[in-house]
Structures are given as structure tokens and as C-alpha cells.
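Below: the structure, in C-alpha cells.
Every number in this text was worked out from the coordinates using simple rules, so none of it is lab data. Only a predicted model underlies this, so the values are computations on that prediction, with no experimental measurement involved. Cβ coordinates were reconstructed from backbone atoms using ideal geometry, including for glycine residues, and neighbour counts include every protein chain displayed.
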Amino acid sequence: MRPDISTCADTPFDLILFDLGGVLIELSGIQQMLDWSRDSLSENDLWRRWLSSPAVRDFESGRSSPDRFAREMIVEFNLSVSATRFLYAFTRWTKGLYAGADVMLKSLSERYALGILSNTNALHWHRFETEMNFLGYFDFVYPSHLTGYLKPDRETFQYVAKACGYQPGRILFLDDNTLNTDSAKSTGFNACRVSGVPDVLRQLTAMNLIG
């Protein structure tokens, strides 16, 4: 049985909640999107447009098909690529777990309750389920295309707190995007911006959650 960290007097959290891309999973699509775009975008510009994009939000909340998503993305982001090529590349943007992620998750899962809160989609989630052996480490999984809730919307964090049964102040959320961590904090979560496994380990060590 998974240890219940809520029974530990010196543990401030009941749940450690992870984003996937940029935290546990290596992504490769940012530069490709910038290369395809006919607009002059910085990486920050791209992320802000991505998080508010109607095409992305529809697809990652499960309301759109892959083909429709590709067509709408090409128009919305002014991309110089065909829909077929876009989908082929997009599916492979999730490269795999960062080095050290598997060992870290195995160790953490033996001591803490773990969860996933990720803006994702059916194409990437299928790869997580069939090609990357890590979902078994998690007690709670909240992929956006199945829940219908997207970060950084406040309703997403309210939904997670209700679904997992923990108070927001007893949840630690780790994400690589400041918009998401700020929204989590505004909902009462503890949240840290992290980038990759070494950064996660530094944060958890600083918080005395690991030795």
C-alpha cells in the first residue's frame, strides 16, 4: 500500500502534483513551431499564444479531432507546413522521460502520494500509455483531454482539489510555466516553477521532502 504522507507530522503536503512536458517529459516542438511560423515570435510569445489558443484548448480539452486541430493550428499560427506533416511531427514532440525521472518517481512513489496535472491530448497520452512506462507511479492522473479542464484556468485547480479530496494548501504543484504556477497559487496551492528533473530534485531537497 502506498504510504499516506498526511500521517507524517513533519510533512507539509498530502500530494505532490506534477506537470509532464518540461518537468518529467522532454519536449521538442517549440523550435519546430518557431521555424514553421511565418510570424516573428519569441519562445515566450509562442507559449502565451499556445495557452490561450482556441485550437489548442479545443484539442487538449477533448473537444476536437486531430485533423481539425492540425488545420486550425496552421491557420491560427500562420504555419508553413501541411496538416499531415504537422500531425506526424506533433505526435513525436513528446520524446520521453528526462534522464533520472524514472528513478526519482520510483523513489518518491514509495514515500508520497503523486499526481499528474497536464495539458495534453489523445495523441500524446497514447504514447505515454503504450511507449513510456511511468504512469503506474501515480495515484491521481488529471490529463486535460479526459477531464476537460485546462491550465492555467483557476477552475482546473479547483477541480483537482475536489477530485483528489485534499485541501489546496496541502498540495504541492510543480510546473515549468509561470502562468500555471501563478494560477495554482491564486487557488491556494503551493506551487513551484521547475524545469527538468535536476530542478525538481533541488526544489524537493530545499523543502526537505527528500534527503
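For Y88, the shell of other residues with beta-carbons less than 14 Å away shows a net charge of +2, using +1 for Lys and Arg and -1 for Asp and Glu. A helix-only calculation puts the chain at -13000 deg cm²/dmol for mean residue ellipticity at 222 nm, using -39500 (n - 2.57) for each DSSP H run of at least four residues, averaged over all residues.
Matching the structure-derived Cα extents along the principal axes in Å against the labelled list (i) 53, 44, 34; (ii) 69, 46, 28; (iii) 56, 32, 28 gives the label (iii). Report note on the peptides 115-125, 151-161, 18-28: ranked by the mean count of other C-beta atoms within 10 Å, highest first, their order is 115-125, 18-28, 151-161.
Which residues does a label at K95 reach in the range 34-52, if reach means a backbone N under 17 Å from a point 7 Å past the Cα toward the Cβ? Answer for this model: 34-35. Treating r as the C-beta distance of N208 and S186 and R0 as 25 Å, the FRET efficiency rounds to 0.50. Result for the chain in a Gaussian network model with C-alpha springs under 10 Å: among D14, D176, D199, the largest mean-square fluctuation is at D199. Note on L201 and R49: their simple-model spin labels are 3.7 nm apart, each label 7 Å out from Cα toward Cβ. Cross-link partners of K162 among lysines, defined as those whose alpha carbon lies under 23 angstrom from its own and excluding same-chain residues fewer than eight positions apart: K151, K185. Only helices reaching 18 angstrom along their own axis (Cα) with mean Kyte-Doolittle hydropathy no lower than -1.0 count here, and not one DSSP H run of the chain does. Show which lysines lie in cross-link reach of K106 when reach means a straight Cα distance below 21 angstrom and same-chain residues fewer than eight apart are skipped. Leaving aside lysines fewer than 8 places away in the same chain, those within reach of K106 are K95.
All other residues whose Cβ lies under 14 angstrom from that of A184 are scored, Lys and Arg at +1 and Asp and Glu at -1, for a net of -1.
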